[in-house]
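In what follows, a single structure is set out as structure tokens and then discussed.
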Amino acid sequence: MIYEIELNNTYANQEFDVIIPDLSINIHCLLQTTDNNALLMSVFVNNEQLGIPFMCFPNQRIIPYNYLQEKLGGNFVFETISNNYPNFENFGDTCKLYFETLDEINNNAE
């Protein structure tokens, strides 16, 4: 399944919990905007950080490694219009964050 994650377009840096009904893990995310407006995402599963903060690219899965994606039970993707880079000012409008479960990812790979 694909779940939309609601974000606040007021804050450049924010953190939030993600609840996915099909997963029995705790997911916590931290979004950080750098000085040059790049967006980084840190992902924690059961209080353990997955890798280092990941660079967020438009319309691409955020976590680049399959073994971390499996640990998470899916992956995040920022969908943007015109392939614009994710920017907090556009959250909820032309930039939306989604979580895709592993089943959804595997179904799309076939």
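Per-structure values
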read-out	value
Principal axis dimensions, the range 33-73 - Cα atoms, whole angstrom, descending	30, 22, 11
Computed lengthening from N66 to N8, 0.36 nm per intervening residue step minus Cα-Cα distance	18.0 nm
Fewest-first sequence of C56, C29 by Cβ atoms within 10 Å of each Cβ	C29, C56
Gained length - D35 relative to E15, 0.36 nm times residue gap less alpha-carbon distance	5.4 nm
Rg(Cα) / (2.2 N^0.38 Å) computed for the chain, rounded to two decimals	1.00
Computed E for E89/H28 - FRET, C-beta separation, R0 25 angstrom, nearest 0.05	0.60
Rg(Cα)/(2.2 N^0.38 Å) for the range 51-104, N = residue count	1.15
Student exercise, the chain dipole from Lys, Arg, Asp, Glu Cβ charges, in Debye to nearest 20	240
The range 13-62: relative contact order as a whole-number percent, Cα under 8 Å and 6+ apart	26
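Bear in mind that the values in this text are calculations on the coordinates, not laboratory data. Just so it is clear, the structure is predicted and the values come from calculations on it, not from any experiment. Glycine gets a Cβ as well: all are built from the backbone with ideal geometry, and neighbour counts include every protein chain shown.
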